[in-house]
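Visitor: One structure, as structure tokens, below. Some questions next.
The values are calculated or read from the model by the stated rules, or taken from the named source; none is laboratory data. Worth saying up front: this structure is predicted, and the values here are computed from it rather than measured. As a convention, Cβ positions derive from the backbone with ideal geometry for all residues, glycine included, and neighbour counts pool all protein chains shown. What goes into the accessible areas is simple: the full protein's heavy atoms, side chains included, and nothing from ligands, DNA or RNA. Shrake-Rupley method; radii C 1.70, N 1.55, O 1.52, S 1.80 Å.
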Amino acid sequence: MIAKTNIFYSSTIDSTNQALKAILDLIKPANDVAFIAKYQEKGKGQGTNEWESEKEMNLTFSLLKTNLALQASEVFLLNKLVAVAIVELLKQLKVENVKIKWPNDILVNGRKICGILINNILFGSNLQNSIIGIGLNVNQKNFNTYERQATSILLETGKKHEIWSVFENLLNILQLNFQLLVNNPSQFDRLYLENLYCLDEWRGYIIKGKRTNGKIIGVNNFGQLQMKISSEEIISLNMKEVKFL
Ligand code: BTN
């Protein structure tokens, strides 16, 4: 059964991830909660980055998943499930060449179309609640210059979309994936790998501060990138240890 989701909507908020954290601090919601905002004044990105998004142009929302009952060791499965949901949505909206850049950026023709920020709430070794923040560029045409260029659904397909319908569509795919996770978690490993950016390609990276040629061969259950760096040597990398050139 698809999980019931209560939906909150705000025209301006600091950050939808922060808003759900505040709700979770106050009450223990029995159902999932989605928080969507037209505009975030302090949208959070990975690390210390901000997430910039032009007012009313893009989808910025967070989903509080409750009652997850996952082991802490299964945390990366969530990243996979969410990334795969966004790939599915973009394919439905006729966006081509969608790839997942490890760990969970979504790229189209090498440009970033979507960022994912997951805050997990662990109780000992149990993952019970998770706040999944998604920033998806929908109708924005002009972007600031970033290290990696940004793009949007409009720029890729020439078609504008109503933000609310993109939200509903994505929420359905996400909740369906959570339902599928119960019986068949390995499908997300397969789908994540099938769509992984630079899989099986020899190319340049900065690995632990040094320019190195490598070939991504997969991602292990802990979410570490598996990289072949010579015919015999495969290394496991954490997020801050590798930079894509
Ligand atoms: C990244 O840096 O790639 C992650 C960006 C995540 C942005 C989304 S927008 C909705 C949610 N609320 C936030 O403050 N951040 C996430």
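Visitor: Counting only residues that are in a loop (DSSP other than H, G, I, E, B) and crowded, with 20+ Cβ neighbours inside 10 Å, which one in segment 97-120 is farthest from the ligand (Cβ to nearest atom)?
Guide: Among residues in segment 97-120 that are in a loop (DSSP other than H, G, I, E, B) and crowded, with 20+ Cβ neighbours inside 10 Å, the one farthest from the ligand (Cβ to nearest atom) is W102.
Visitor: Now, a different point. Given the structure, is T5 among the polar types (S, T, N, Q), more than 12 Å from the ligand (Cβ to nearest atom) and surrounded by 14 or more Cβ atoms within 10 Å (Cβ to Cβ)?
Guide: Spelling it out, T5 is indeed among the polar types (S, T, N, Q), more than 12 Å from the ligand (Cβ to nearest atom) and surrounded by 14 or more Cβ atoms within 10 Å (Cβ to Cβ).
Visitor: Considering only residues that are touching a helix residue (DSSP H, G or I) at 6+ places or on another chain (Cβ under 9 Å) and touching a residue at least 12 places away in the same chain (Cβ under 8 Å), which ones fall in segment 176-191?
Guide: Correct list: L176, N177, F178, L181, P185, F188, D189, L191.
Visitor: Give me a count of the residues in segment 15-65 that are assigned to a strand (DSSP E or B), more than 8 Å from the ligand (Cβ to nearest atom) and open to solvent by 40 Å² or more (accessible area, probe 1.4 Å).
Guide: The total comes to 3.
Visitor: Any idea which of (1) in contact (Cβ under 8 Å) with a residue 12 or more places away in the chain; (2) under 19 Å from L174 (Cα atoms); (3) open to solvent by 20 Å² or more (accessible area, probe 1.4 Å) is the one L81 doesn't satisfy?
Guide: Evaluating L81 over (1) in contact (Cβ under 8 Å) with a residue 12 or more places away in the chain; (2) under 19 Å from L174 (Cα atoms); (3) open to solvent by 20 Å² or more (accessible area, probe 1.4 Å) leaves (3) as the failure.
Visitor: Just for helices (runs of 4 or more DSSP H) wholly inside segment 141-194: which have at least 1 residues that are of a type in the set (G, A, S) and open to solvent by less than 60 Å² (accessible area, probe 1.4 Å)?
Guide: 163-183
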